[in-house]
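Below is one structure, written out as structure tokens, with a few remarks after it.
Read-outs: derived from the displayed coordinates by stated rules, not from any lab. The structure displayed is predicted, hence computed values, not measured ones. No Cβ is skipped: glycine too gets one built from the backbone with ideal geometry, and neighbour counts run over all protein chains shown.
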């Protein structure tokens with residue numbers, strides 16, 4: 001671990017960002033350009049004291065999970081992310097495999113979407129980051145760990161919870177779509193990837209998944225229109241727009257409702273109330 005290089009890099013990247021670049025309000029006039037330490041810590045979901053120690057060259061070696069969070073917070077490019085790992089004493093992540101890294105361009109777009117549910121997912125339907133409106137509609141995914149981070153995995157293992165968000169008439173269709181999407185990811189990432197772990201686990205746990213897996217349907221798409229069920233306010237019809245990164249490894253999903261519709265009013269109610277129970 002090169003503490004000097006790590007500290008200098010974090011300080012330089014923090015100085016190059018503005019609050020508006022990461023979806024924060026500029027607030028009172030600032031004495032110095034760039035983000036404050038506490039703002040970077042907030043974005044990376046870590047304590048200000050821990051981040052401060054890294055910049056002051058006295059912190060412990062950060063884990064790869066901490067580095068992934070810092071890469072998101074500082075909107076690092078793939079090359080910058082690799083450099084961050086190396087000066088921290090870790091090997092750079094394999095770009096061909098799925099990692100917990102969010103494309104900075106996607107993050108900049110998401111930062112500007114505050115009035116409608118939006119989130120960024122991996123090819124394994126793992127929510128990498130979501131705005132407050134998405135948390136209010138779909139629940140906060142930040143506490144999920146391991147294979148349960150994948151919405152595909154949860155669909156076949158946590159049936160009561162996951163499927164309660166969709167009308168029963170749509171369950172079979174969604175099952176087929178999710179399995180076809182997982183097979184596309186499996187083909188791209190390989191048997192020894194996280195996709196392979198999910199496939200092995202689901203074939204052992206879910207007869208429904210095992211049967212659909214043998215169909216060998218391969219496709220990755222998002223339904224243009226769907227009905228979601230919120231536990232407090234009921235059905236909400238939304239249009240789904242998807243924006244893919246160049247390598248199609250991540251997708252920004254934006255959910256909207258027709259202007260003036262009952263569903264639009266429900267989304268506005270959720271936006272106002274946030275994640276509180278209605």
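What ranking of 249, 265, 150 emerges when the number of other C-beta atoms within 10 Å of each C-beta is taken as an exposure proxy, fewest first? All intermediate terms of the calculation are to be shown ahead of the outcome.
On the way: 249 19, 265 13, 150 28.
Placing the least packed residue first, the sequence is 265, 249, 150.
Go ahead and estimate [θ] at 222 nm for the chain from helices alone: -39,500 (n - 2.57) per DSSP H run with n ≥ 4, summed, over the residue count, rounded to 500.
Numbers: 13 runs with 126 residues, N = 278.
Result for the chain: -13000 deg cm²/dmol, rounded to the nearest 500.
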On a 0 to 90° scale, report how tilted helix 64-73 is relative to the longest principal axis of the chain, with both axes built from alpha carbons and the result rounded to the nearest 10. 90
Just need the relative contact order of the chain here, percent rounded to a whole number, with Cα pairs under 8 Å and 6+ apart. 16
Extension gain (nm, one decimal) between residue 214 and residue 50, 0.36 nm per residue minus Cα-Cα: 54.2 nm
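Rank these for me by crowding, 108, 31, going from fewest to most other beta carbons within 10 Å. Walk me through the numbers on the way to the answer.
Working: 108 14, 31 6.
Fewest to most other Cβ atoms nearby, the residues stand as 31, 108.
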Give me the one-decimal nm value for the distance between modelled label points at residue 64 and residue 145, 7 Å along each residue's Cα-to-Cβ direction. 1.7
7 Å from Cα along Cα→Cβ at both residue 29 and residue 109: what's the point-to-point distance in nm? 3.7
What's the angle, to the nearest 10 degrees (0 to 90), between helix 3-16's Cα axis and the longest principal axis of the chain? 70
For the chain, find the longest principal axis of its Cα atoms and tell me its angle to the long axis of helix 78-87, 0 to 90°, nearest 10. 60
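Could you compute how fast the stretch 3-87 diffuses translationally, taking Rh as the Kirkwood radius over C-alpha pairs and applying Stokes-Einstein at 20 °C with viscosity 1.002 mPa s? Give it in µm² per second. Before the final figure, lay out the partial values.
Values: Rh = 12.9 Å.
D = 166 µm²/s.
List 266, 135 from most exposed to least, where exposure is judged by having the fewest other Cβ atoms within 10 Å. Let's see the in-between values first.
On the way: 266 22, 135 18.
Final ranking by Cβ density, sparse to dense: 135, 266.
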Projected label distance in nm at residue 229 and residue 203, using a 7 Å step from Cα toward the beta-carbon: 3.2
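Given R₀ = 30 Å, what would the calculated FRET efficiency be for residue 77 paired with residue 132, taking r from the Cβ atoms and rounding to 0.05?
Details: r = 26 Å, r/R0 = 0.88.
After rounding to 0.05, the efficiency reads 0.70.
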Compute the length gained on full extension between residue 273 and residue 86: take 0.36 nm times their separation in residues and subtract their Cα-Cα distance, giving the result in nm to one decimal. 63.1 nm
Rule-of-thumb check for the stretch 104-273: C-alpha Rg over 2.2 N^0.38 Å? 1.02
For residue 237 and residue 256 in the same chain, what is the full-extension length gain: residue separation times 0.36 nm, less their Cα-Cα distance, in nm? 6.0 nm
